[in-house]
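Colleague: One structure coming up, written as structure tokens, with questions to follow.
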């Protein structure tokens with residue numbers, strides 16, 4: 001199947017071709033006809049599956065009938081609203097609409113917090129048909145009467161599970177109450193938890209479910225390994241891995257904003273160029289950090305889960321869990337940053353013996369045990385407590401391959417690697 005099968009206009013097909021896409025992904029193949037037919041859709045798909053195009057392309061096709069070249073703001077009311085949990089994801093979705101709709105005379109805008117509101121206000125008052133927004137900043141504009149949502153026909157909740165986690169539901173319900181002309185609602189989530197299903201029952205009308213990837217499945221193209229190491233030697237091991245392998249682009253995850261900022265500063269002082277993105281950094285600071293990382297000016301980007309959600313980094317070779325996440329399913333989101341579009345990727349987790357419960361939770365979520373290893377020279381001194389899998393293998397120099405998956409039925413004793421062999 002190609003994109004020609006969806007009945008998209010020549011202008012949209014031209015834009016898709018210019019982006020280099022020829023064959024739709026599974027979620028696009030299933031969701032585009034449904035969204036194009038006006039059905040409410042409840043879609044589950046992990047990051048990197050082409051989810052944005054799955055709703056952007058049919059929405060553009062439907063709204064192009066409203067396209068006009070009038071300068072009057074009244075001729076350009078907001079007809080489609082896409083809500084996202086983070087600023088980064090909002091920008092990514094906005095860029096997708098602009099790219100796919102570049103030959104269609106529709107107006108697009110994105111609003112999010114952390115930046116001055118005045119430029120956004122000017123853009124909204126000029127009229128836009130497609131608006132991408134984070135809930136808080138959108139309500140700011142509603143309060144200042146700089147946006148009118150009464151003519152919104154299509155509502156999209158993107159990464160609804162993350163919006164639930166971040167406590168946006170009261171804001172979302174306030175926004176939904178303002179949509180007097182809504183005809184279609186689309187909800188996309190990486191998980192179909194009971195809370196998501198309950199939300200869908202209140203917002204969606206006779207929805208069609210599109211379920212692309214099992215909730216606990218991680219990318220098959222990502223080679224995953226755990227390295228046991230004492231907490232106070234994690235930074236040293238991470239720097240050793242980056243230097244010895246001459247890695248040029250490493251995304252590192254921490255659990256807290258404080259750790260993200262501290263680790264980036266310490267790595268930078270150690271001679272490993274690093275920057276951080278987290279909730280306490282302004283939007284311009286985040287954008288500059290991401291631009292430096294993408295351009296190769298810095299080698300390591302340290303991020304929290306919330307800040308990294310929606311990051312769009314092409315061909316990212318490796319993700320490092322400096323700290324495993326509080327919530328096990330966030331592990332899948334993290335490693336989904338690499339191994340995208342069928343490319344090979346690597347995910348390394350640095351786990352201290354006292355972090356056993358986090359590792360157990362991830363293993364339960366994946367329904368298999370991740371392979372556990374110890375890097376020579378970085379053997380944990382506290383004594384690991386992962387049951388049999390935590391006992392170091394013989395230090396006689398034997399090394400086991402990091403590419404061999406651990407059995408889901410029993411744990412294997414960790415091998416010993418040098419830092420240069422990691423992942």
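The values are calculated or read from the model by the stated rules, or taken from the named source; none is laboratory data. Since this is a predicted model, take the numbers as computed values, not measurements. Cβ coordinates were reconstructed from backbone atoms using ideal geometry, including for glycine residues, and neighbour counts include every protein chain displayed.
Colleague: Given the criteria in a loop (DSSP other than H, G, I, E, B) and either farther than 22 Å from residue 344 by Cα or more than 21 Å from the chain's Cα centre (by Cα) (or both), does residue 243 qualify? Break it down into steps so the answer makes sense when it comes.
Modeller: On the way: in a loop (DSSP other than H, G, I, E, B): no; either farther than 22 Å from residue 344 by Cα or more than 21 Å from the chain's Cα centre (by Cα) (or both): yes.
Criteria not met by residue 243.
Colleague: Of all helices (runs of 4 or more DSSP H) completely enclosed by segment 301-395, which ones contain at least 1 residues that are surrounded by fewer than 24 Cβ atoms within 10 Å (Cβ to Cβ) and modelled with pLDDT of 90 or more?
Modeller: Numbers: elements: 305-308, 329-335, 356-366.
The helices (runs of 4 or more DSSP H) meeting that bar are 356-366.
Colleague: Another question, then. Please work out if residue 110 is under 20 Å from the mean Cα position of the chain (by Cα) and either in a strand (DSSP E or B) or surrounded by fewer than 19 Cβ atoms within 10 Å (Cβ to Cβ) (or both).
Modeller: Numbers: under 20 Å from the mean Cα position of the chain (by Cα): yes; either in a strand (DSSP E or B) or surrounded by fewer than 19 Cβ atoms within 10 Å (Cβ to Cβ) (or both): yes.
Taking the combined requirement at face value, the residue satisfies it.
Colleague: Further question on the same structure: Within segment 148-235, considering only helices (runs of 4 or more DSSP H) that don't extend past its boundaries, which have at least 2 residues that are surrounded by fewer than 18 Cβ atoms within 10 Å (Cβ to Cβ) and over 24 Å from the mean Cα position of the chain (by Cα)? Spell out how you get there, then give the answer.
Modeller: Values: elements: 160-165, 169-176, 194-203.
Where helices (runs of 4 or more DSSP H) fall fully within segment 148-235 and carry at least 2 residues being surrounded by fewer than 18 Cβ atoms within 10 Å (Cβ to Cβ) and over 24 Å from the mean Cα position of the chain (by Cα), they are 194-203.
Colleague: Let me ask something else about it. Assess whether residue 143 counts as being without any contact (Cβ under 8 Å) to a residue 12 or more places away in the chain and on the phi > 0 side of the Ramachandran plot.
Modeller: Details: without any contact (Cβ under 8 Å) to a residue 12 or more places away in the chain: yes; on the phi > 0 side of the Ramachandran plot: no.
No: the conditions fail for residue 143.
Colleague: Still on this model: Does segment 48-57 contain any residue that is farther than 28 Å from residue 366 by Cβ and surrounded by fewer than 19 Cβ atoms within 10 Å (Cβ to Cβ)?
Modeller: Checked segment 48-57: no residue is farther than 28 Å from residue 366 by Cβ and surrounded by fewer than 19 Cβ atoms within 10 Å (Cβ to Cβ).
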